[in-house]
Amino acid sequence: MTATSSATPAELVRALAVLTEPPSPDHARVAEALGFGEIPGSSVYTEVFLFQLFPFASVYLGEEGMLGGEAGSRIAGFWSAVGHQPPPEPDHLGALLGLYAALADAEGARGDAPRGVLAGQARRVLLHEHLAPWLFAYLSKVEALAGPFYARWASVLGAVVRREVEGEAPFDQDLPAHLREAAPLPDPRTEGSAPFLDGLVAFVRTGMILTRADLTRLARTHELGMRMGERRYILEHLLAQDAVTVFRALAEEAGEWTFRHEERVPLLGSTARFFADRATRTAALLTSLADEGETFLTDEFAVKSPQGGEEPT
Amino acid sequence: MDLNELNQRVSAARSEVEGRGETFYPGPSRIHLAHFPPKERWNDWVELDARSWPRRVEKRYMLVPTTCFNCESACGLLAYVDRDTLQVRKFEGNPEHPGSRGRNCAKGPATMNQITDPDRILHPLKRVGGRGEGKWERVTWDDALDDIAARIRQAMREDRHNEVMYHVGRPGEDGYTTRMLAAWGVDGHNSHTNVCSSGARAGYHFWMGMDRPSPDHANAKVIVLVSSHLETGHYFNPHAQRIMEGKKNGAKLIVFDTRLSNTATHADFWLAPYPGSEAAIFLAVASWMIREGRYDREYVRRWWNWREYMTEVRGRAGASFEDFEAALREEYASYTFEFAAAESGLDADTLRDVAATIATAGTRLATHNWRSAGSGNLGGWQVARTLLFLNALTGSIATEGGTFPNSWNKYVPKPPRAPHRHPRQWNDILWPDEYPLALMEMSFLMPHLMKERDGYVDVYFTRVYNPVWTNPDGFHWVDMLKDPKRIGVHVAMTPTWNETAFFADYILPMGHSSERHDLTSYEQYDGQWIGFRQPVLRAARERLGEDVSDTRAVNPGEVWEENEFWIELTWRIDPDGSLGIREFFESLERPGEKMTVDEYYGWMFENSVPGLPEAASKEGLTPLQYMRRYGAFEVSRKVGRVFEQLVPESELEDVHVDDMDRVYTRAPVPPSPKAPGGIKIDPDAEGRRRVGVRVDGEIKRGWPTPTGKLEFWSRTLHEWGWPELALPTYIKSHIHRQNLDADQVPLITTFRVPVQIHTRSINAKWLEEIAHTNPLWIHPEDAARVGIARTGDLVRVETETGYFVVKAWITEGIRPGVVACSHHMGRWKPEGHLGQRMGMSTVALEKEGARWSLNVRKGGGPFESSDPDTMRVWWTDLGVHQNLTHAVHPDPISGMHCWHQAARIRPAEPDDRYGDVSVDTDKGYAAYLRWLEMTRGATAHSPDGTRRPYWMLRPVRPERAAFDLPRSAGSAGPQG
């Protein structure tokens, strides 16, 4: 067993990290120790972590809203900077939490020695730069979407990270680099539709996390046809069917995200303000697009010819 | 929800699970930053088959631990045994191994290449033509064993024990073979150590009785390395990982290396002194510490033999410590930074900075010299001695972050049926009169001594050793091996073809690391561990319920292992027990039957390894099962300052304390599970054994030296003819500027590349692809001076016995005025011989009188074999065999071969071809005689009529009477 800093519940973090992996019988004793009950089947895991909420930081902190990219490289660089070979998926939530626990161990083991101080600083940077900016929003979505096992997991992890952030007050420092570098959602009227669609699925640009489940709900609510695929693909086809309705629905969603972020301002300070601002801007842009009517939208988001082989679902 | 409570609950669950020897977190997992399969799943481990990619095909493995058999680090390996085919599919690190901790260098996983080498020797072979003709026939093990055993039996019956010799390269094991030789009563242990590490070892031995350093790099504040060899290529895996830990913790790294080594690239100070001047630098640092009072006075006062020095050298028996300090200042006053700068060519201010940095270490000064300067130079042993001087001044010996003696960080268990006997004869081919203080056997002089003394060895084993290639003056070895008047039968025990095996009578195929049993322990941190090498397919089959008692049943072809071989051979030497040696290889439980390997190791693990039975019992295993499952066990950790331990009352009986505070007792030696050590301290006049030394009124364990103290001044050196070297001092190397002609430069030959290991790794295709040639490192200024225009140009390197032709590598990574050439490369097989195709050139060997030449006929390239990869060999350059052109340079004290060469460098001549070697062995013999003149032999200088100081280390120590010089000492022959 390794020594741990008194503040960080490193073993708990490590155990929660394990559960970001696909469930296996080996997880049973970890889940039992956490009091989470039986390990769910792999389909439950797949639904939450593969179809809805990829557990990768770069998806939420990168401008592309996808795995890897500059955000992924930045996180890999962080691993190197703290003396670890970056693992194959350096921004996986499990890996980041594992690293967080290891840094807490090192901090606890070495106390006030220079290495302990450095480990503590690295742990705080990891929290501030690569975990806290996206994790609360992410975990809130998991809690809302997942069944009881992973909802419980998200609730406990959220509580742990909240306590960690509270323990590092004042947390309101400079904006994390991921956020400083990220451009807002582009206006399709000036930038074109493709960058706009790319941006719509990027949390760091819109301030909102859109899952497939959110888009399915939107389609059902407004009686639109749903073409299953990546979120961008789904959005493209929803907009092609009724852009104004979709813009208004997304603007409403963005508005709700503004409130959620504002609630976290006391905890996260400028980071929460950044996302609240992003969500507000997103809502404004989407409302403006809806208000402009559908003339250009029809052209911009025309569905490719059905003769191309694609069938509406 | 109370997060702290939840955290504690998880911690408690983890402790409980891991306490059962299981893994709490599934692995390998990114979560806990580990990359090893959890040990409870080693029996049935599932991985995706890489070759089936992109399909996801699961493969099931048994993971069986063993120990690497390439370099001497003995790192742990895990063999992945395919459960379907029961074949080894790959090797990775063993996370349970305390020394290597799951990490390996390239040589470990490359074991896979070695066991699947299409050219490996699979059956016993016997020579059918003349020796060296390259004609062989396959024979049975029985035939070979009977023939060899009969010769040895005959030699023993005729009291010719000295005609049996076992010549070993890196042993890769502790105790088995020395036990066997002791049982045979043969003083025939011949190691390679005097071409390896004897120089530095001698320096350590004279200080502290023990002969190797064990630096605690991970906890050091300052690390000083004089090692182009070790941290770059020998123990480099266990050490390198700890050096990096130390650096991460803020340690300063100081590297002395004429060449920019891998280690030097990580250094805070890379110092490239003129080769051989290292001792001058350390003495300058020591002198500064002494002048400035930057040393641990109490430590020096308590633990140095300064009183003996003041009495014997200064003639002041009652001198105070302050008197000694004044004498110390005087002794070293001349070693100024300016002096060291002039010798080394380094800047005096830089040396001052280095000294100031070293002085910040306190007791956390980790220092190390293995080969490098210690093995390159005449007087190289003083490099290690002056380096340890710095530890002795700072009190950083056996402290956390300091430098330990090897014996305290190593554990060799006592074997069953330990033979309480010693050879009666002294083998003075190995321990000649001229070198009474040589740390180990004068192995590399064997051909010269045999020629000079008309020596004869009837049965000569070379065991995974290749002196023709490795040793200096290799053509002298060829002459000796081919001469039936010198060698009766030469038995080459080797897994792989080598240059020496070409001149054997028998070639007996021995296993690689996954095909043999051995027990190992090495000093790699402040702890003691044992590592178990085992035939992994035997262990795998045993897990499946099979009973395998002969390792040949699972090894490829008829490849065997040495443990079983020696048991079988011994029984055939002494089938009825009349020679009195069979008894040591009889079963404990079934006297009259052969001891099995399971019984041998099982007994040791049960009886001689503290803590192992208990650890095994916790998991419901026998100690042997535990070692077969995990491959290693840590016996102790944080051994600490053994010399400061108080001797318990129970060991103090009828105590006598002499005038040097040495404490003697009549109490018997308490039983110990460890094998007896190599140091023997004589009893007092009344037969009491020495038990410790009195320091400030307390009886402490002290050091295994004649005085029980750290020997700043060596009475041994003083009395055996070397009074001028009895203190740590500076000896000018044979390649010191004053000993070179104007057109000569030092040639550095001792450095290694990290992916090769001497001649043992040639059949590893992955390693060969990475490193297969050995160009001459030459500084651009030197290249311009001698007219070498480009990297790749052919260069003729002339030594005192001949020349070799090599390619230039023009680089600023070497000190100007010095050139360097690595070994490993330049491997060859004579035309018309079977042999290794990977990594070996085909050569023409010619001899006219004393003139030998070697010319490459065919280099590397693709070839057809059972391994399709061999058709993908893209390299043709296999390097040059430079050692053939080296004359022997035995240091008159340590006995170490002083490797550095005085060389002339010039562009190759028009008829020169890459790889050419030309040697005049008469010149080599003349060099032997020249160096012999420097010696001060036992007959002339022994203070007590013995051949060698009795206290000094000696493998397979002969009985006490054999130490006495023969009465007509001047005519001592091979039979002594």
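The values are calculated or read from the model by the stated rules, or taken from the named source; none is laboratory data. Predicted model only: the values in this text are computed from it and were never measured. FYI the Cβ positions are ideal-geometry reconstructions off the backbone, even for glycines, and counts take in every protein chain you see.
Checked against (1) surrounded by fewer than 22 Cβ atoms within 10 Å (Cβ to Cβ); (2) away from chain B (no Cβ under 14 Å); (3) closer than 29 Å to A:Gly120 by Cα, A:Glu64 meets all criteria but (3). Test A:Ala113 against the stated conditions and say whether it is touching a residue at least 24 places away in the same chain (Cβ under 8 Å) and not hydroxyl-bearing (Ser, Thr, Tyr). No: the conditions fail for A:Ala113.
Of the set (1) in contact with a Gly (Cβ under 7 Å, 6 or more places away or on another chain); (2) more than 14 Å from chain B (Cβ to nearest Cβ), all apply to A:Pro133 but (1).
Taking every residue in the stretch A:135-151 that is farther than 14 Å from A:Ala57 by Cβ and pairing it with any residue that is of a type in the set (Ser, Thr, Tyr) and part of a loop (DSSP other than H, G, I, E, B), at least 6 positions away or on another chain, the pairs with Cβ-Cβ distances below 8 Å are A:Lys141/A:Thr211; A:Leu145/A:Thr211.
Residues are listed down the side, and each one gets a yes or a no for (1) within 25 Å of the chain's Cα centre (by Cα); (2) farther than 19 Å from B:Ala327 by Cα:
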{"position": "B:Leu260", "(1), (2)": "yes, yes"}
{"position": "B:Asp268", "(1), (2)": "no, yes"}
{"position": "B:Met289", "(1), (2)": "no, no"}
{"position": "B:Arg294", "(1), (2)": "no, no"}
{"position": "B:Thr311", "(1), (2)": "no, no"}
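Among the residues of the stretch A:120-133, at least one is surrounded by fewer than 18 Cβ atoms within 10 Å (Cβ to Cβ), without any contact (Cβ under 8 Å) to a residue 12 or more places away in the chain and outside any loop (DSSP other than H, G, I, E, B).
Answer yes or no as to whether A:Tyr150 is away from chain B (no Cβ under 13 Å), surrounded by 21 or more Cβ atoms within 10 Å (Cβ to Cβ), within 23 Å of A:Gly35 (Cα to Cα) and over 14 Å from the mean Cα position of the chain (by Cα). It would help to see each step written out before you state the result.
On the way: away from chain B (no Cβ under 13 Å): yes; surrounded by 21 or more Cβ atoms within 10 Å (Cβ to Cβ): yes; within 23 Å of A:Gly35 (Cα to Cα): yes; over 14 Å from the mean Cα position of the chain (by Cα): yes.
Judged against the criteria, A:Tyr150 is a match.
When the stretch B:1-22 is filtered for residues that are facing chain A (nearest Cβ under 8 Å) and over 19 Å from A:Ala7 (Cα atoms), the ones remaining, listed by number, are B:Ala13, B:Arg14, B:Ser15, B:Val17, B:Glu18. Every condition in (1) within 11 Å of chain B (Cβ to nearest Cβ); (2) free of Cβ contacts under 8 Å to residues at least 40 places away in the same chain; (3) farther than 13 Å from A:Val82 by Cβ; (4) not hydrophobic (A, V, I, L, M, F, W, C) holds for A:Gly94 except the one numbered (2). The set of residues in the stretch A:25-49 being aliphatic (A, V, I, L, M), more than 29 Å from A:Ile209 (Cα to Cα) and either surrounded by fewer than 14 Cβ atoms within 10 Å (Cβ to Cβ) or more than 9 Å from chain B (Cβ to nearest Cβ) (or both) consists of A:Ala28 alone. When B:Trp408, B:Trp426 are checked against the criterion of being closer than 30 Å to B:Lys485 by Cα and hydrophobic (A, V, I, L, M, F, W, C), a single residue qualifies: B:Trp426. The set of residues in the stretch B:60-90 that are surrounded by fewer than 24 Cβ atoms within 10 Å (Cβ to Cβ) and closer than 23 Å to B:Ala240 by Cα contains only B:Glu72.
Tell me, yes or no, whether the stretch B:663-681 has at least one residue that is outside the structural domain of B:Glu18 (by TED's automatic domain parsing), part of a strand (DSSP E or B) and touching an Asp or Glu at 6+ places or on another chain (Cβ under 6 Å). Yes. B:Gly861 fulfils the conditions (1) surrounded by 20 or more Cβ atoms within 10 Å (Cβ to Cβ); (2) at positive phi except for a single criterion, (1).
Give the residue, chosen from B:Ile358, B:Ile397, that is touching a residue at least 40 places away in the same chain (Cβ under 8 Å) and over 30 Å from B:Val818 (Cβ atoms). Being touching a residue at least 40 places away in the same chain (Cβ under 8 Å) and over 30 Å from B:Val818 (Cβ atoms) holds for just one of B:Ile358, B:Ile397, which is B:Ile397. Checking the stretch B:616-632 against the condition returns no match, with no residue being more than 26 Å from B:Pro673 (Cα to Cα) and assigned to a helix (DSSP H, G or I). Answer yes or no: is there a residue in the stretch B:408-415 that is assigned to a loop (DSSP other than H, G, I, E, B), in contact (Cβ under 8 Å) with a residue 24 or more places away in the chain, in contact with an Asp or Glu (Cβ under 6 Å, 6 or more places away or on another chain) and within 30 Å of B:Lys638 (Cβ to Cβ). Yes, there is a match, as at least one residue in the stretch B:408-415 is assigned to a loop (DSSP other than H, G, I, E, B), in contact (Cβ under 8 Å) with a residue 24 or more places away in the chain, in contact with an Asp or Glu (Cβ under 6 Å, 6 or more places away or on another chain) and within 30 Å of B:Lys638 (Cβ to Cβ).
Residues that are crowded, with 19+ Cβ neighbours inside 10 Å and either touching a helix residue (DSSP H, G or I) at 6+ places or on another chain (Cβ under 7 Å) or in the same structural domain as B:Thr265 (by TED's automatic domain parsing) (or both) within the stretch B:763-782 comprise B:Asn763, B:Ala764, B:Lys765, listed in sequence order.
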